[in-house]
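K.L.:
Questions regarding the structure given below will be posed in turn.
The values are calculated or read from the model by the stated rules, or taken from the named source; none is laboratory data. Only a predicted model underlies this, so the values are computations on that prediction, with no experimental measurement involved. Note that we place each Cβ from the backbone using ideal geometry, even for glycine, and neighbour counts take in every protein chain shown.
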């Protein structure tokens, strides 16, 4: 099935037809993955470099398609945060290409000996990394996920079925074409990366039942999408949940440093999952630290909401509602709470956080160590912005998402996290007594 034919307005007429097409996609992916899993690391790297070149070559085509997507998003009333996620400009297109090149240059994650040992009977046992197989990625809004997810899956020897949202359908299609260009140029099957014949919700439902054809599902989007996938999927799920992220501030931190970090953590790009959504501040730091932070954020157009104690200390802060403490805004809105020390801060985070990214600002090393031990989160940060919660910033080239669960992978999911392992046992004729 050619990528060019995969248009939203050419959706199958009925569920039965869609299921047949999806099974065909799955069979093609399984066959292509076998070739990819056994090819040389240099071949995968070549495919990624060629895909990066194709993205640069197709930049004007990508921008034209993206313009259509953004215009459609405005007509559908998407929020400014979602429109920001959707939009691609020259810098973001170049970042996609550079990300693929960075992935290409990473050490190959497949075939690594993770551990080995010899038994008293002479058996030599090794744990060796292998691809997961066929990965289904379901995501919303951000067309660059097509490049990141496709590139990472390829690097780890996995075929990918990429179901982007309808809002980014045109942009994602051109980016997918570029990935397939790269595969073809390296002599690999183009079917290593595919997408369903429609962006409709029915395609998601079919994917979730394709346990014979898909080995892992990775949902990347809002709580509604992730909860649907987790509740309906017959395929194992590697979940990327929302980022209800906190920055906790202690008095020992330099006020100017705290001011810069909080401003960046909230406002650098408020629409990404690594943005800080809540600020916790110790009672004894309110007089010395809160005012400048509030001044900066308000001047930049950020709406501030707070508990009763914060509103009493700062009249410019609006009263928070109960639901604010559990909300991922993805917008220039920040909720602030006064706490009485580390124990209260950790308890609040573990009750209201989403397990994504949590930060502490402090000069007390013991407090920082306790925070990192006791907070339930995939990523813990000390004296830096939560906006660094990103696979590219971690040196992974890119990420397929931030896994907020505790099984298999946790935190940024890069190429290495898209592998499993097998055991290889070598003997010299031993038989078990």
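K.L.:
Give the range 197-215 a look and list any residue that's modelled with pLDDT of 95 or more and touching a strand residue (DSSP E or B) at 6+ places or on another chain (Cβ under 7 Å), or say none.
P.N.:
Within the range 197-215, 207, 208, 213, 214, 215 meet the criteria.
K.L.:
Hey, any hits in the range 353-371 for a residue that's within 23 Å of the chain's Cα centre (by Cα) and surrounded by fewer than 17 Cβ atoms within 10 Å (Cβ to Cβ)? Walk me through how you get there before you give the answer.
P.N.:
Here is the first cut: in the range 353-371, the ones within 23 Å of the chain's Cα centre (by Cα) are 353-360.
When the remaining residues are screened for being surrounded by fewer than 17 Cβ atoms within 10 Å (Cβ to Cβ), the result is none.
No.
K.L.:
Exactly one condition in (1) farther than 21 Å from residue 330 by Cβ; (2) in contact with a strand residue (DSSP E or B) (Cβ under 6 Å, 6 or more places away or on another chain); (3) assigned to a helix (DSSP H, G or I) is not met by residue 67; state its number.
P.N.:
The one condition residue 67 does not meet is (2).
K.L.:
Checking residue 43 against (1) assigned to a strand (DSSP E or B); (2) more than 23 Å from the chain's Cα centre (by Cα), only one condition comes out false. Which one?
P.N.:
(1)
K.L.:
Does residue 335 fit the bill of being closer than 25 Å to residue 305 by Cβ, modelled with pLDDT of 95 or more, in a loop (DSSP other than H, G, I, E, B) and not assigned by TED's automatic domain parsing to the domain that holds residue 140?
P.N.:
On the way: closer than 25 Å to residue 305 by Cβ: yes; modelled with pLDDT of 95 or more: yes; in a loop (DSSP other than H, G, I, E, B): no; not assigned by TED's automatic domain parsing to the domain that holds residue 140: yes.
Criteria not met by residue 335.
K.L.:
Any idea which residue in the range 295-314 is farthest from residue 379 (Cα to Cα), counting only those that are free of Cβ contacts under 8 Å to residues at least 24 places away in the same chain and more than 30 Å from the chain's Cα centre (by Cα)? Spell out the reasoning first.
P.N.:
Initial filter on the range 295-314 (free of Cβ contacts under 8 Å to residues at least 24 places away in the same chain): 295, 298-299, 308, 311-312.
Checking which are more than 30 Å from the chain's Cα centre (by Cα) leaves us with 295, 299, 308, 311-312.
Working: 295: 28, 299: 30, 308: 29, 311: 30, 312: 32 Å.
My answer is 312.
K.L.:
Could you look through the range 225-234, keep only residues that are surrounded by fewer than 22 Cβ atoms within 10 Å (Cβ to Cβ) and in contact with a helix residue (DSSP H, G or I) (Cβ under 9 Å, 6 or more places away or on another chain), and pick out the one that is farthest from residue 386 (Cα to Cα)?
P.N.:
Step by step, filter the range 225-234, then rank; the result is 234.
K.L.:
Just for the range 144-195: of the residues that are assigned to a loop (DSSP other than H, G, I, E, B) and modelled with pLDDT under 95, which one is surrounded by the most Cβ atoms within 10 Å (Cβ to Cβ)?
P.N.:
Initially, the range 144-195 is screened for residues assigned to a loop (DSSP other than H, G, I, E, B), giving 156-158, 164-165, 186-189, 195.
Imposing the further condition that a residue be modelled with pLDDT under 95 reduces the set to 164-165.
Working: 164: 26, 165: 21.
This residue is 164.
K.L.:
Oh, and also: Please find, among 265, 258, the residue that is more than 29 Å from residue 83 (Cα to Cα), within 30 Å of the chain's Cα centre (by Cα) and touching a residue at least 60 places away in the same chain (Cβ under 8 Å). Steps first, answer last, please.
P.N.:
On the way: 265 fails: more than 29 Å from residue 83 (Cα to Cα).
Within the list 265, 258, the selection yields 258.
K.L.:
Next question. Could you grab me the full set of residues in the range 249-272 that are in a loop (DSSP other than H, G, I, E, B) and either over 17 Å from residue 328 (Cα atoms) or not assigned by TED's automatic domain parsing to the domain that holds residue 367 (or both)? So that I can check it myself, show each step before the final result.
P.N.:
As a first pass, look at the range 249-272 and keep what is in a loop (DSSP other than H, G, I, E, B): 250-254, 268-272.
Of everything in the range 249-272, those that are in a loop (DSSP other than H, G, I, E, B) and either over 17 Å from residue 328 (Cα atoms) or not assigned by TED's automatic domain parsing to the domain that holds residue 367 (or both) turn out to be 250, 251, 252, 253, 254.
K.L.:
In the range 335-352, which residues are within 22 Å of the chain's Cα centre (by Cα) and buried (at least 22 other Cβ atoms within 10 Å of the Cβ)? Talk me through it step by step, then tell me what you get.
P.N.:
From the range 335-352, those within 22 Å of the chain's Cα centre (by Cα) are 349-350, 352; that's our starting set.
Residue satisfying the conditions is 349 alone.
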